[in-house]
1. How much FRET efficiency would the formula 1/(1 + (r/R0)^6) give for residue B:245 and residue B:19, where r is the Cβ-Cβ distance and R0 is 51 Å, rounded to 0.05?
2. Report the Cα centroid-to-centroid distance between segment A:119-180 and segment A:368-442 in angstrom, as an integer.
3. Taking only protein heavy atoms and a 1.4 Å probe, what accessible area per residue, in Å², does segment A:53-104 have with all protein chains in place?
4. Pick from B:208, B:131, B:71 the residue whose mean-square fluctuation is largest in a GNM of chain B, springs joining Cα atoms under 10 Å.
5. Could you size up the charge dipole of the protein assembly as shown around its Cα centre, putting +1 on the beta carbon of Lys and Arg and -1 on that of Asp and Glu, and report it in debye to the nearest 20?
6. Treating the angle as unsigned and between 0 and 90°, give the value, to the nearest 10°, between the Cα long axis of helix A:370-384 and the longest Cα principal axis of chain A.
7. Run the 1.4 Å probe and let me know the accessible area of residue A:436, rounded to the nearest 10 Å².
8. Rank-order A:726-739, A:82-95 by packing density, defined as the average count of other C-beta atoms within 10 Å over each peptide's residues, highest first.
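The values are calculated or read from the model by the stated rules, or taken from the named source; none is laboratory data. In this text the structure is predicted, and so the values were computed from the model without any measurement. Cβ placement follows ideal geometry from the backbone for every residue including glycine, while neighbour counts extend to all protein chains displayed. SASA here: full protein model, heavy atoms, side chains in, ligands and nucleic acids out. Shrake-Rupley method; radii C 1.70, N 1.55, O 1.52, S 1.80 Å.
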Amino acid sequence: MKISYNWLQELLPDLNSAPKDIAELLTLHSFETEVAGRLAVNPKVQVRKIIKLEPHPNADRLQLATITNGLEKITVVCGAPNIKIGQLVPYSPPGTALFDETGQDFTIKETTIRGVTSPGMLNSLRELGLHPEHAGIWILPDDLPLGTSLADHFPADTILKAEITPNRAHDCLSHLGIAREIAALLALEVKPPPLAELPQPSSSINGISLGDINIPRYMAVGFTNLVAKPSPLCLQAYLLASGAKPHNQLVDITNYVMYEIGDPTHLFDDQTLPGQILGVRPATDGEKITALDNEVYQLTRDDLVITIDDKAVAIAGIKGGAATGINPSTTSGLLESANFPPHAIQQTAGRLNLSTEASYRFARGLDPNLIDISTRRVAYLLLTSGAKITGVMDYYPKPSRRPVIKFDPNQVSQFAGLNIAPDQVKDILIRLRCQVDDTAHLWAVTGPDDRLDLNIPPDLIEEVLRVIGLDKIPSRTPNITAASRPLSDRVQWRELTRDLLAAAGFTETYNYSFSHQPSLDLVGQTLDKSIAIEITNPISPEQKYLRQSLLPGIYGHLLANKSKLGKRARSVEQAIFEIGRIFTRGDEGIVEGIVEIEHVAGISWGEEGQAHIKGTVDDILDQFSISRTDLSRFGQVGLLDTDTRLAQKLNTPVAFFELDFDRLINSAERDPDYQLTTGGPGLKYQASSKYPPVYRDLSIIVSPQVTIEQIQGLIEDTGKDLIADVDLFDEYQHQGQTSYAFHLKYQSPHRTLTDQDIEKIHHKIISVLTKELNAQIR
Amino acid sequence: MTEPLTEKLQHLRTEAKHALDKAADQDSLEPWRVKYLGRKGQLARLIKDISQLDAPARKSAGQLANTIKQELTQAFTARAAVFRDHHSAPATALSGASLPPASSVGHLHPITLSIRRIQHIFARMGFIVAEGPLVEDPAYNFDLLNIPLHHPARAETDTFHTASGSVLRTHTSPVQLRAVLAMNLTPPFSVISPGRVFRSESTDASHEHTFHQLEAFMVGERVTVADFKGVVKKYFSDFFEQNVTTRLRPSYFPFVEPGFEVDMSCIICQQAGCSVCGRTGWLEMMGAGMVHPNVLKNMNIDHTRWQGFAFGGGIDRLAMLRHHIDDVRLFMSGRLDFLNQFS
């Protein structure tokens, strides 16, 4: 939520803290808050009056506006459709810095537009950096002194942004709520906004029909003598600071009160209402309404509508209807100030993809008693503008009361591990506007009406601790008594198996729990749909089911690395394993209908892959003291189908195994004995270069005393960080000499290497090898 | 008379360890491994002989053999790591020593290693490890954790649903209930549960839909916020091998009250301000709080007698900070040039 620092200062006259101090105060005691920026008008922008309008001679959509500052007049070109003679508007002379659609500032110059010179321009809110609105010129209230700098009447403000947690949405989505919070933390006084006194509810206003919908409260007030003109600038400034667009003083006042008090209200144009009887009912399936944004919404019976004579005039708690909204000729209105069931509002806003400031507040729950304050506040502001009240209706069958909490103040110290005296507890609760009856050993504490989150003793403990400051609680060194048996058999077996596989040359991978159709296709597996668990909102259509085997994922990972693996035929190119769960439907699991089984699986790719797999699986069975002849009870080993792998251009065999790890554990003939480790050193990840590698071959002949390490070492030292790999792929003896052939991988971490770069370094390497090792290059 | 099998095993262990200590470089490791730990190696041959023994002797010899096997395997892995540490280039960069051995040592996943590290730290503080299902009953993922159907916190979670009405667990908190109820735990107890969790989110460098969390909860007669602070401080300091400061801020989760967020001093810039900590000097590490009485009730624990804390934090995040990994998607990528770098 955006917070205006100026507005806070108005509500807290004794506030001395700077914006960044407020941000830190709230972050450490209430919720995360930061300073978001400034809201200010460039001092060069002036207030001017439009005295003449004529069409641009050479452009249909443009006008020439003659503006005056009271002394002299100039004519500017303007493309906005909403300007009229007599309006006060913002004018920027050449040299003023304004903002474009990306938020970048630009300086306006005197320009010629279609043959007419324009010395400056009239401005929209966006150009002044005040709001994204750019559909028209910002029309100013008519009481501003002509020819003055607009900044004189629009004080610069600092905007804070607070992440209000759901438990404080009831009271802190408003400046009054934030002010009260700061007041409690800093022991300040809040200056409450003035409220009007309302006449008694009368029958001169519409009755309400609700059926059996649960509406906690519905208040309506009738007004006449309304004028839909621009709001006073100070009110507009606060709306802009909250991120809202000003419209006219009637709509603005309801929005202003929402940002001030936290309770949304809605003003209907009385004369456009199709009748007398107010109602709230579920919409009918397919019922349509055009809302104030001029969009047509199709409703269902799960959505609530406000009705007049049963005709829908608003989407309850979310947005008013276009037909009954305030318009420039509105003179009388009906103010709705109500409280709606949070879940219904949440669901409708979600389904219609229409989340508004009002719906956001209702969806989190508001105190119905707040309606009293917000209605009287709107009334005060409207009355100040010259309006009159015609009648009041208040449907409030069951006034809401906060529960009385039986509270032992010593529990605070008990929870905290820090001694906090009952006096201090009481003081804090009172600062938070709680009523505290401490006459008995067990206190009776009632929170203020708007604190819907204070219901049980831990809620009060949280209040006391956060006001004191969580940093005041010391840190108690934990009592180091090691658990005698911290790891279950399963965890131990898993870690032992991991170590076994790593020692056998397998690298561990992790795959998603979703099956992946393309990977299934790669290994020629299919899911058993009759027992597959389907995700109704999958991350992609190919990942719609939970996996039933680990192999497709492991194989997919192997293929993903294909290009990076060595080019020579090794006995085992690469071996990968995974230990993880597979999922099927069934009755034997912990959760109804779901069976999760842990599997261990691996792939070994290379000439000796099959032997590698067989040997490793034997080792695994041995580890559990299970007989090797029992393999088929636990899973399978095999070779990936030749045609399948040749299709992926893998010329050497791919062997695999997959075992039911749960069954292995349950069949173990001995106990596991895994010793906890610290998980190895904190090796730092080095990202491989994103620039393309270039491969060059190098074949040399050397005398038999020369070792491969020597050759490699010289290549590395010469090539430095441009050599990414040296891969021996051939070796043979001939006439007393040894011939070696290498693939050299050139790659820079910083740039794409050019042919020249590579030629240069390749030659350098050759010359070093020739010189140092007497090598002959082939 | 030939010496008993157990003695042969002990001798082999000593001999193997000596030989390993004498291994001069990475290239000597493979022959050692083949000789002692290979399928036709000396240990394997002795293990085969175990089946000749009678039942009681078989059990103890088998246990000894496996202890030795594990010891030697771990020693081997450690030694290989030492050689790699001394290697100036990244682990994967250079291959092609002498013509290829059957296999070189494989590598464990950095999340596996982080979880091992975490288990080690917490076991020393008296915590046991519990696990739970990945596909959960909504009651355990939400309702019994005090998140009823109409709660805004529930609407804000991006949950994967199954056609049968289950959910993929969005946090490890359900294991609090599962562990207590399945293991019949009564207070006082201290439990951690690391594991996979799911959120339906689009992935980017800091977001994954499948990631890992650590749940920890400790309940006793007087388990306090001060105890929580102590445990967390030890956790982070041990994990990162540095003295770190932590900061608690008020926050909100339905299953704890009071609720906190825990920040840790940025270990990348030592709080000077950097891109990792968003120039604030603090890293957000976990949500936490005192277990809500409704949750204790759902565990059949008397909340008037017992109290405690719980926290949930990301493990991927911890691993990223420890190993300077800048993209969370690497963990599930299967890229060997990544996976090969951590052990």
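1. That gives a FRET efficiency of 0.65.
2. Using only Cα atoms, the two centres lie 30 Å from each other.
3. About 53 Å² of surface per residue is accessible.
4. B:71
5. With only Lys, Arg, Asp and Glu charged at Cβ, the dipole is about 1200 debye.
6. The two axes meet at around 50 degrees.
7. Residue A:436 has an accessible surface of roughly 30 Å² with all protein chains in place.
8. So the order, starting with the most tightly packed, is A:82-95, A:726-739.
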